[in-house]
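Notes follow the structure.
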């Protein structure tokens, strides 16, 4: 469980899980490498829908190794909050569950975009990222990203 928790907080693993969007952590007064901790800020640069975007989030809650939350402080959404929950199941298997809440920037048209496009897009993005976390956690690669 601790391994999955740490990999989900790794800037480098986040980038691995978002290669299709060219996501990178950029230096804007925040963290650009390593494991994110409570109070850390990270700014991501990526291309979504053909548009280069920046999204800055703070780690706003943490109960290691069971939970952490990141909250957008600047970016394309009107609001965004992402909760990451971890629990150990039988046999040492870890369950990781995401609760992702967001609101599009334009209230009426944005709500239509949320329902028609953004929910599916964000779900795909999170699934892809989580599959990469799983791949790294289940291989020896995890040692590159987590201090032992």
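Structure notes:
- Residue list for the range 31-41, restricted to those being more than 20 Å from residue 85 (Cα to Cα) and crowded, with 16+ Cβ neighbours inside 10 Å: 31
- Residue 28 vs. criteria touching a residue at least 24 places away in the same chain (Cβ under 8 Å), surrounded by fewer than 17 Cβ atoms within 10 Å (Cβ to Cβ) and assigned to a helix (DSSP H, G or I): no
- Restricted to the range 46-148, the set of strands (runs of 3 or more DSSP E) holding at least 2 residues that are surrounded by fewer than 12 Cβ atoms within 10 Å (Cβ to Cβ) and either under 12 Å from the mean Cα position of the chain (by Cα) or at pLDDT 95 or above (or both) comprises 94-103.
- Contacts under 6 angstrom Cβ, first residue in the range 87-102 being touching a residue at least 12 places away in the same chain (Cβ under 8 Å), partner assigned to a loop (DSSP other than H, G, I, E, B) and surrounded by 10 or more Cβ atoms within 10 Å (Cβ to Cβ), 6 or more apart: 88/1; 94/1; 102/77
The values are calculated or read from the model by the stated rules, or taken from the named source; none is laboratory data. Note that the structure is predicted; figures quoted are calculated from it, not measured. As a convention, Cβ positions derive from the backbone with ideal geometry for all residues, glycine included, and neighbour counts pool all protein chains shown.
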